[in-house]
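Reading through the C-alpha cells given below for one structure.
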Amino acid sequence: RWLVDGGYSCVFAAADTFRAASLEQLEEHAKKIGVKVIKHKYGADPAAVAFDAIAHAKANGIDFVLIDSAGRAHTNRNLMDQMKKIIKVNNPDLKILVVDSLTGNDAVLQARMFNEVGIDGVIFTKVDVNEKGGAILSVTHELKKPILFLGIGQKYEEFEKFQKEKFVNNLF
C-alpha cells in the first residue's frame, strides 16, 4: 500500500505455494490495494512464480515486484534451501525479513538463520502490542541491518516507515 500511495506500480508474486489459502489471501489483499497477482497452482516451484512475476513486470513497465514467500521455520533446512533457490534464480534487489515482534527470544535465532541467505532489512509486525521492544532491539543488534517499517496495527495505513528517534522515545 505504501508503494501504491507513493505513485509506484506493483505486482505481487504469490510464491507461497505451500500454505493452504495463501494464494486467496494474497489475492484479497491485492484486490483491496489495486495490484495484480502472478501465481501458479499450489505446490508449484516458488522460484518459478517469482521469475514469471519479474518477467511480467519488465514486460509491462511495473516498478516493483513483491515476492510473498512461504513463512519458513528457520529450523527446516528444505524450506531454507527453497529460499536460497528463489534468491539464486531471481537475484532480488532487496531481501526483507518480516518478524513478529512478539516472537521473543526465538526471533534472534530466526534472524541469524535467515541472514545466511542475506537479509537487507527488517520489518517488524505487531509493534503496537509489544511495548518493550525486546525482540526488535535483539534482532537489530544481531543482524546489523536497518529496520525499514513497523506494523503498528491491522489496517494498511497502520504501517509506518521506521523512525529511530520516535522508537527510542516510545521506549522511554
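Can you pull the percent of the chain's accessible area that's carbon plus sulfur, 1.4 Å probe, other chains left in place? Numbers along the way, then the final one.
On the way: 5480 of 10300 Å².
Roughly 53 percent of what the probe reaches on the chain is carbon or sulfur.
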### Task
Exposed loop trypsin sites (Lys or Arg not before Pro) only (DSSP loop, at most 10 other Cβ atoms within 10 Å): please give the longest stretch of the chain free of them, not including the sites.
42-131
### Solvent-accessible surface ranking, highest first, for Tyr42, Tyr156 at 1.4 angstrom
Tyr42, Tyr156
### Query
Pick from Ala21, Ala70, Ala135: which residue has the top mean-square fluctuation in a GNM of the chain where Cα pairs under 10 Å get a spring?
Ala21
### Task
Report the calculated FRET efficiency for Val117 and Asn169 (r = Cβ-Cβ distance, R0 = 25 Å), to the nearest 0.05.
0.15
#### Entry: the chain: most fluctuating residue of Ala107, Ala20, Ala50 per GNM, C-alpha cutoff 10 Å
Ala20
### Task
Please quote Rg/Rh for the stretch 104-172 to two decimal places, taking the Kirkwood radius as Rh and restricting both calculations to Cα atoms.
0.95
### Query
If we count every other residue with Cβ under 15 angstrom of Val35's Cβ, Lys/Arg +1 and Asp/Glu -1, where does the sum land?
0
#### Entry: Amide H within-cut-off set for Lys145, under 5 Å, with H built and near neighbours excluded
none
### Message
Please list, in order along the stretch 115-130, the HN-Hα scalar couplings obtained from phi with the Karplus expression 6.51 cos²θ - 1.76 cosθ + 1.60 (θ = phi - 60°), rounded to whole Hz, x for Gly and Pro.
### Response
5, 5, 8, x, 8, 9, x, 10, 10, 10, 10, 6, 5, 5, 10, 10
### Task
Could you list the square roots of 5 times each eigenvalue of the Cα gyration tensor of the stretch 1-57, that is, the equivalent ellipsoid semi-axes, sorted largest first and rounded to whole Å?
20, 14, 7
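Loop by DSSP (not H, G, I, E, B), at most 14 other beta-carbon atoms within 10 Å: where is the longest site-free stretch of the chain for GluC sites (Glu not before Pro)?
On the way: sites that count: Glu131, Glu157, Glu158.
So the longest stretch without any such site is 1-130.
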#### Entry: Of Ile86, Ile136, Ile152, the one that fluctuates the most in a GNM where the chain has Cα springs shorter than 10 Å
Ile152
### Message
Taking the solvent-accessible surface of protein heavy atoms with a 1.4 Å probe, what is the per residue accessible area of the stretch 1-90 in Å²?
### Response
57 Å²
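The values are calculated or read from the model by the stated rules, or taken from the named source; none is laboratory data. On a predicted model such as this, the values are computed, not experimentally measured, just so you know. Backbone-built Cβ (ideal geometry, glycine too); neighbour counts: all protein chains shown. The accessibility values were calculated without ligands, DNA or RNA, using every heavy atom of the protein model including side chains. Shrake-Rupley method; radii C 1.70, N 1.55, O 1.52, S 1.80 Å.
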